[in-house]
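S.K.: Quick one: structure below, then a few questions.
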Amino acid sequence: MNALTVYLHLRSALLITQLGGGDPNSGVGCRYVPGSTLRGALIARYLDGKAADAADPTFRRLFLDGAVCFLNGYPLARDGQRTVPLPFSWQQPKDAKKSDPAHDWAWGKPVSSAKAWKGLGGETFCAVTASGKVERVTPEMKINIHIAREDRQRPTSGLATVFRYDALAEGQTFAAVILAEDAQDLAKIQALLPDQTVLAMGRSRSASYGWVEVRYPRDQAGQVRTAVEPNWQEVASPLPASALPSSLVVTLLSDVLVQDPQTGAQRADLGAVLVDEPTECFARLHTVGGFNRKWNLPMPQTEAIAAGSVFVYPYSQPLAEQLDKLVERGIGNRRAEGFGRIAVNWQASAMIEFAEAVKARPGSMPLVSESQPLARQMVTRMLRAELDRALIQAINDHELDRRGLRNAQLSRLRVVARQALEPDKVRAAVGTKQITGLVSFLSNLKEAARHQLQRARLGSKPLFDWLMELATNPDGVWVIMQANVLRLPAVGNVRAELTTALAVEYTLRLMDGMAKLATREETHE
């Protein structure tokens, strides 16, 4: 099959709700971008406000008759490859650490003293690194609280409803794949989606949810690659072609809808497609649905075998040949919407070792060298905006008990802090890891002035000690501002950093702001 890889970069939070969220006053979003959502966005661009014409042969071929399949958008691993759902057959002892190796029960339950085991599958994705280890990726979610009122201009008690959205956080990138036997169909799809096109997806778009930017892979020169990839494989088998495995392990890479040909009911196994019976089964079921915006009605709900389910079959040549065909074209119903994707013998080891966890947000795309300075400037500005808010909060939260501290001393402190903010002095402070001018000012204070600073309290600590500690260790300001819990912004693979220069700057601004606030309070009194 020919494949076109499309990167979906979330410029805002994305809410594509799934069934079974529980609380009726909440919306719980999917942890990936469904292929049906991407197909719906493309149909909207193709029609461009016109009514759909089912007699249009191009429209039918691209979107209706299944010649083109839109696979789910899954998060990216560190090396930029598209991840897949983590298999349910991977198990760890309950007392194991997250980084400990896991056992693949598809190849037999290990002989172990562990009394209880825990599964690793669910809302986590994974990819095999070049070293053969597995990297786990969990998409970042964002919870927003909203209030619905009958009259937005007049808040009235008892007439408002509080609800929350659990959506995919902005800034992440997901890789979706569009498959077609005819490469010309993919060329038409790409013509509908130029690079950097912004699509509207999911719910609550009027509330600034669902703005997604389309991106394509680029070459070393930074140019968009327009070539369609032939003979694309969703996952590469780790077994050499000459190896003859004793079992055929079928892993579902997306939800699968299998219908019984006799009754029309949904099956909880693959028996309607594969004649052989599995020897082991690690499967889960859940309800899937959808929403038709044309009719403004929900689609029928049905039971699906969840992505990550694993079925183990005894090896036979006919079954292996049948599975080879199903890997390419999919299995079950609604394959054009990303359902029915499988892999065979992708997991060929009974022991799985995990790669070291990284702090970088999953799904970042590598940027070409020419884009690095602009990206660095962007993330620095975004970080400063977050730090400015944290600085204001810290100044308001830390009340200074003056205990006779005169305004003259506070003014002197502000002058020294502002002088130390000069660029040359900040660079000197970065080199020495301390704010030399402030340390010199505090060390050379006269006895009366020092006594005033020692009597004043910031919490339970003398103000003099608090100032000296920060002057000799500016990085301590991040604890005061709680900047260590901030989500560092990123553009592509460029992430903002809490540097020593920023620590010096915000240390001095914190001192200046607190002294200014204390001076105003004394004046008002």
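S.K.: Out of curiosity, is Ala116 among the aliphatic types (A, V, I, L, M) and closer than 24 Å to Leu179 by Cα?
M.R.: no
S.K.: In addition: Looking at the stretch 232-272 only, could you name the residues that are over 16 Å from Arg284 (Cα atoms), modelled with pLDDT under 85 and within 33 Å of the chain's Cα centre (by Cα)?
M.R.: Within the stretch 232-272, Ala236, Ser237, Pro238, Leu239 meet the criteria.
S.K.: Any chance you could count how many residues in the stretch 14-35 are modelled with pLDDT of 90 or more and small (Gly, Ala, Ser)?
M.R.: Qualifying residue count for the region: 1.
S.K.: Using beta carbons and a limit of 6 Å, which pairs, at least six apart or on different chains, have the first residue in the stretch 164-185 and among the charged types (D, E, K, R) and the second one crowded, with 17+ Cβ neighbours inside 10 Å and part of a strand (DSSP E or B)?
M.R.: Asp166/Val28; Asp166/Gly29; Glu170/Leu10; Asp185/Val68
Rundown of residues vs (1) at pLDDT below 90; (2) buried (at least 19 other Cβ atoms within 10 Å of the Cβ), yes/no style:
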residue: Ile305; (1), (2): no, yes
residue: Gly308; (1), (2): no, yes
residue: Pro314; (1), (2): no, no
residue: Ala350; (1), (2): yes, no
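S.K.: Considering only the stretch 411-432, I want to know if a residue exists there that is buried (at least 18 other Cβ atoms within 10 Å of the Cβ) and over 14 Å from Leu508 (Cα atoms).
M.R.: Checked against the condition, which is being buried (at least 18 other Cβ atoms within 10 Å of the Cβ) and over 14 Å from Leu508 (Cα atoms), the stretch 411-432 yields no hits at all.
Condition check ((1) over 30 Å from Lys98 (Cα atoms); (2) modelled with pLDDT of 85 or more; (3) of a type in the set (A, V, I, L, M)) across all residues:
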residue: Ile331; (1), (2), (3): yes, yes, yes
residue: Phe354; (1), (2), (3): no, yes, no
residue: Arg384; (1), (2), (3): yes, yes, no
residue: Ile392; (1), (2), (3): yes, yes, yes
residue: Val415; (1), (2), (3): yes, yes, yes
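S.K.: Related question: Consider Gly290 carefully, then state whether it is farther than 27 Å from Val177 by Cβ and either at pLDDT below 85 or exposed (fewer than 15 other Cβ atoms within 10 Å of the Cβ) (or both). If you could, list the steps in order and put the result at the bottom.
M.R.: Working: farther than 27 Å from Val177 by Cβ: no; either at pLDDT below 85 or exposed (fewer than 15 other Cβ atoms within 10 Å of the Cβ) (or both): yes.
Judged against the criteria, Gly290 is not a match.
S.K.: Does at least one position in the stretch 293-306 carry a residue that is closer than 20 Å to Cys126 by Cβ and either of a type in the set (Gly, Ala, Ser) or not assigned by TED's automatic domain parsing to the domain that holds Val327 (or both)? Step through it out loud before you land on a result.
M.R.: Residues of the stretch 293-306 closer than 20 Å to Cys126 by Cβ: 305-306.
Okay, now just the ones that are also either of a type in the set (Gly, Ala, Ser) or not assigned by TED's automatic domain parsing to the domain that holds Val327 (or both), so 306.
Taking every residue of the stretch 293-306 in turn, at least one turns out to be closer than 20 Å to Cys126 by Cβ and either of a type in the set (Gly, Ala, Ser) or not assigned by TED's automatic domain parsing to the domain that holds Val327 (or both).
The values are calculated or read from the model by the stated rules, or taken from the named source; none is laboratory data. None of the values given here were measured: they were computed from a predicted structure. Note: ideal-geometry Cβ built from the backbone for every residue, glycine included; neighbour counts use all protein chains shown.
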